[in-house]
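Student: Take a look at this one; I'll ask things after.
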Amino acid sequence: MMNRQLIAWLSCFMLVAARASGEESRPDAYEDAVKTARSEIWQDINTGKCGSATAAIMENGQVVYAEGFGMADREEGIPVDKDTIFNIGSVSKVYVAASIMLLVDDGKVSLDKPVADYLPEFKMADERYKKITVRMILNHTSGLPGTAWANSSGFKYFDRYQQDTIEALARAHLKHEPGAMAVYCNDGFTLAEMIVERVSGKKYIGFLNERILAPLGLKSTGLSIGELKGKSVAAYYDPESGKRHPPEALSVLGAGGLSATAEDLCLFADAFSNQNQIFTAKSLAEMTRAQPSAFWGKLRHPDTSFGLGWDMTELPRYKANGVKVMGKTGGTGNYSSMIFTVPDRRISVAVIESGAEGNAVKVALDVLDAVLVDKKLIQKEEHAVSAPMEPQKIPAEELKFGGYYSSGKLAQISFDKDKNAVTVYALQGEEKTPKLSLIYNGGYYYDKDGHKFYFASIDGKDYLAAYSPALQTDSIVMQRLDALKNPRSLKTDMDGKQWLRRNVYPFEGLYLAPPPVAKSFLYKDVPGYVDFGTIKMITSPDSATMPVGSMRDQTELSLFDQDGTTWARVSETIYSPADSAGALKLGRNPVKIGAHGYNEWLKTDADMVLGVTTRPDQGRVSVFLPDGSGKYDSALDDGEVFAPKGSFVEFAGRPDDLLAVTGRK
């Protein structure tokens, strides 16, 4: 009998041969676009950036090209084809925004009414939450902190996720005044999902099927692949180990929990053309226009034109040619996706890749360019080779921008007047790592690859901004931290302290999750701030909040007493001090999960080989090295594992579950 590797090779060969023989014919007008898709996707696969992919092009309601790449199931030798389903991540946001607009059409929702009118249980520690409207949660201007990541992604749907998000927001503050800035935010779309359910009286996925998926014929769109049964899905394989992960299930349906084929993405995008089948003309106009914040237009070039759910409702580069382009990107722990659509021309391009490092956005943009060039809607850009940029003298007024900044993480920007250069350092405790080296020329700063940056003072705040030549838009990279006149301190020493997360469920995924082992830091040159996952401004002896308004996914800190020990709550996650973990000794070490459901931790007191001897079906044991890096996970690994002295062993399960590991020399 032939082995699996040979079967897989022959399967791929037959698939390519079928396509080459005309089984999937296409107009010659798309030849350059197809070549672009194939060459760039195979480059991503061959360089390990993704494991598999799918792409599609649609025009005038017809799919003119669709193709799969790589293997959907390596063990069974099943290749990806046009019907293989991938998770689409944040592209899901457009679906929930569309659902809200259908309820607007029904007269049941108003975009400019407060969210709290529809969800009375939505409350925050910041009274400004009462100003947040439905429109603001759909166009990222709400001011909400960002994302309740804990247990949002894993190996099964978590039906408490909505409630956990509401509870996390009840303790949270806003990072800016509602409407002031547009900063990407997932939690707003979880609230939108809840509004759809509350107003319609139906589960969100049921409403979506009835009002959008069925009318548009989207037969391959639905829940994330971890919840699908009997359908062809693209499995995710770790690019380093080659291990197959359990199918990824996401509980954030409105923010990022759907799956689809590339064809279905194009069919959905076509609903935003003048041939739409589901919206009123008024709602369609609302869905396809920019929804700017008060900050919009204050950078040198246009910043991202968020729409309702859409990342972009126009791009200057295409707008100059009279072409309106809308787009939405998506990324989960295991997949990346991109959909572009030209509604006035009914042209859409979709690309999805397995692998968090995939280049779905770039591939889709290059394929779109090729299509528009073929259609003579834009001219092909010639990229001339130029000499490296020469440094010029940095103007004296620019030197004021040196100092400490936040991109979420702490950074230091240092000017070298003699070399006319700027270095951006990432800071983590004693580590100071140069991340970006820039030279000054003609009002901008350039890195070695020619990427373009500049500093700006706007409304009393200092920013480092970046310019994207491909999109001809600006974005904020980081914001300067305020120098505090009266810096405050926390009630316990946080410098270099190690913490262990305690609210991990056994089905939580490996990515899109707060770290199980974390460290907190203080910096003498940045008094009044604490670094715990993200940089935070200390507001009292037991709390710290978000220091900047322009960065996504920020968190807040609160300290509390638990059984005589100071624990930390970082937004929705809970940590206990690592030094309070019990000792894991030679022999059998049984652990019982308590009534609260917190995962338990032990720490090895010597070098030893560990084996899992007791684990219920839904239990999980993970081993982390002393520095916090992962070593073993029973969701992926079998057999024994060597754990040096000081390693951490995590036990996760349901209340009253019994787990055990045995240690030997």
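Student: In the chain, with Lys and Arg counted as +1 and Asp and Glu as -1 at Cβ, which of these residues, Ala125, Leu464, Asn87, has the Cα nearest the positive end of the dipole, that is, farthest along it?
Tutor: Working it through, the farthest residue towards the positive pole turns out to be Ala125.
Student: Fully extended, how many nm does the chain gain between Ala470 and Asp418 (0.36 nm per residue separation, minus their Cα-Cα distance)?
Tutor: 15.5 nm
Student: Then there's this: Under 21 Å from the Cα of Lys375, which lysines turn up, not counting those fewer than eight places away in the same chain?
Tutor: The reachable lysines, counting only those whose Cα sits under 21 Å from Lys375, are Lys35, Lys319, Lys324, Lys362.
Student: Oh, and also: Leaving out ligands and nucleic acids, note down the accessible area per residue over the chain with a 1.4 angstrom probe, in whole Å².
Tutor: 43
Student: Size of the dipole of the chain about the Cα centre, Lys and Arg at +1 and Asp and Glu at -1 on the beta carbon, nothing else charged, in debye to 20?
Tutor: Approximately 820 debye in magnitude.
Student: Zone of Ser386 (label point 7 Å along Cα→Cβ, backbone N under 20 Å): which residues in the stretch 422-454?
Tutor: Those under the cut-off are 422, 437-454.
Student: Tell me, what is the percent relative contact order of the chain, built from C-alpha pairs under 8 Å that lie six or more residues apart?
Tutor: 13
Student: Something else now. Based on alpha-carbon centroids, what's the gap between the stretch 358-388 and the stretch 408-454 in Å, whole number please?
Tutor: Result: 29 Å between the Cα centres.
Student: For the chain, what % of the accessible area comes from carbon and sulfur atoms, probe 1.4 Å?
Tutor: 50
Student: Which of the GluC sites (Glu not before Pro) across the stretch 533-612 are loop residues per DSSP, with 12 or fewer other Cβ within 10 Å?
Tutor: Listed in order of number, the matching sites amount to none.
Student: For Thr492 and Ala660, what does the FRET efficiency come to when R0 = 41 Å and r is the distance between their Cβ atoms, rounded to the nearest 0.05?
Tutor: Working from the Cβ atoms, E equals 0.80.
Student: If you keep only loop residues by DSSP, which GluC sites (Glu not before Pro) in the stretch 215-272 have at most 16 other Cβ atoms within 10 Å of their Cβ?
Tutor: Answer by residue number: Glu240.
Student: Extending each Cα 7 Å along its Cβ direction at Ser457 and Glu240, get the distance between those two points in nm, one decimal.
Tutor: Once both label points are built, they end up 4.4 nm from each other.
Student: Follow-up question, since we're still on this one. Rounded to the nearest 10 Å², what accessible area does Leu522 have for a 1.4 Å probe in the complete protein model?
Tutor: Surface accessible to solvent at Leu522 totals approximately 70 Å².
Student: Further, regarding this structure: Work out the FRET efficiency for Arg300 and Arg128 from their Cβ-Cβ distance, taking R0 = 41 Å, and round it to the nearest 0.05.
Tutor: That gives a FRET efficiency of 0.90.
Student: Turning to a different aspect of this structure: List the aspartates and glutamates whose Cα lies under 13 Å from the Cα of Lys130, skipping any in the same chain that are fewer than 8 positions away.
Tutor: Candidates past the 8-residue exclusion: Asp112, Asp117, Glu121, Glu177.
Student: Ile413: accessible area at probe 1.4 Å, nearest 10 Å²?
Tutor: Here the accessible area works out near 10 Å².
Student: While we're here: Let me confirm the definition first: pairs of Lys residues in the stretch 198-257, 8 or more apart or on different chains, C-alpha distance under 24 Å. How many are there?
Tutor: 9
Student: Another question, then. For the stretch 467-533 and the stretch 571-586, write down the distance between their C-alpha centroids in whole Å.
Tutor: The stretch 467-533 and the stretch 571-586 have Cα centres separated by 20 Å.
Student: Pulled fully out, how much extra length does the chain show between Ala281 and Gln62, if you take 0.36 nm times their separation in residues and subtract their Cα-Cα distance?
Tutor: Length gained, Ala281 through Gln62: 76.6 nm.
Student: Continuing with this model, one more query. Calculate, in nm to one decimal, what Asp105 and Asp563 gain on full extension: separation in residues at 0.36 nm each, minus their alpha carbon distance.
Tutor: Result for the pair: 159.6 nm of gain on full extension.
Student: As I understand it, the dipole of the stretch 566-665 uses +1 on the Cβ of Lys and Arg and -1 on the Cβ of Asp and Glu, about the Cα centre. Which of Ala643, Gly628, His596 lies farthest toward its positive end?
Tutor: Of Ala643, Gly628, His596, it is Ala643.
Student: Here's a follow-up. Sort Asp366, Asp264 by accessible area with a 1.4 Å probe, largest first.
Tutor: Asp366, Asp264
Student: Run the dipole for the stretch 58-204 about the Cα centre, Lys and Arg Cβ at +1, Asp and Glu Cβ at -1, nothing else charged, and hand back the magnitude in debye, nearest 20.
Tutor: Dipole about the Cα centre, nearest 20: 640 debye.
Student: Kindly provide the helix-only [θ] at 222 nm of the chain, computed as the sum of -39,500 (n - 2.57) over DSSP H runs of four or more divided by all residues, to the nearest 500 deg cm²/dmol?
Tutor: Estimated from H runs of four or more residues: -5500 deg cm²/dmol.
Student: Working with all protein chains in place, sort His451, His383, His173, His140 by solvent-accessible area computed with a 1.4 Å probe, largest first.
Tutor: Sorted by accessible area, descending: His383, His451, His173, His140.
Student: While we're looking at this one, here's another question. Largest first, please: the extent of the C-alpha atoms of the stretch 359-515 along each principal axis, to the nearest Å.
Tutor: 64, 52, 30
Student: Related question: Let's see if you can work this out: charge +1 on each Lys and Arg Cβ, -1 on each Asp and Glu Cβ, no other charges. What is the dipole magnitude of the stretch 340-429 about its Cα centre, in debye to the nearest 20?
Tutor: Dipole about the Cα centre, nearest 20: 200 debye.
Student: Tell me, rounded to the nearest percent, the portion of alpha carbon pairs in the chain spaced more than 38 Å apart.
Tutor: Across the chain, Cα pairs with separations above 38 Å total 38 percent.
Student: Right, another one. How large is ³J(HN,Hα), in whole Hz, for each residue of the stretch 492-504 in order, when computed from phi with the Karplus curve 6.51 cos²θ - 1.76 cosθ + 1.60 and θ = phi - 60°, using x for Gly and Pro?
Tutor: 10, 5, 9, 6, x, 8, 9, 10, 10, 6, 10, 10, 9
Student: Can you tell which of Gly496, Pro514, Asn486 lies farthest toward the positive end of the dipole of the stretch 480-538, using +1 and -1 charges on the Cβ of basic and acidic side chains (Lys, Arg; Asp, Glu)?
Tutor: Asn486
Student: For Asp459, what accessible surface area do you get with a 1.4 Å probe? Give it in Å², rounded to 10.
Tutor: 110
Student: How many nm is it between the label spots at Lys376 and Glu76, if each spot is 7 Å from the Cα in line with the beta carbon?
Tutor: 4.8
The values are calculated or read from the model by the stated rules, or taken from the named source; none is laboratory data. Quick caveat: nothing in here was measured; it's all calculated off a predicted structure. Virtual Cβ from ideal backbone geometry, glycine too; neighbours counted across all protein chains shown. Ligands, DNA and RNA are stripped out before the accessible areas are found, and what is left, the full protein with its side chains, is counted by its heavy atoms. Shrake-Rupley method; radii C 1.70, N 1.55, O 1.52, S 1.80 Å.
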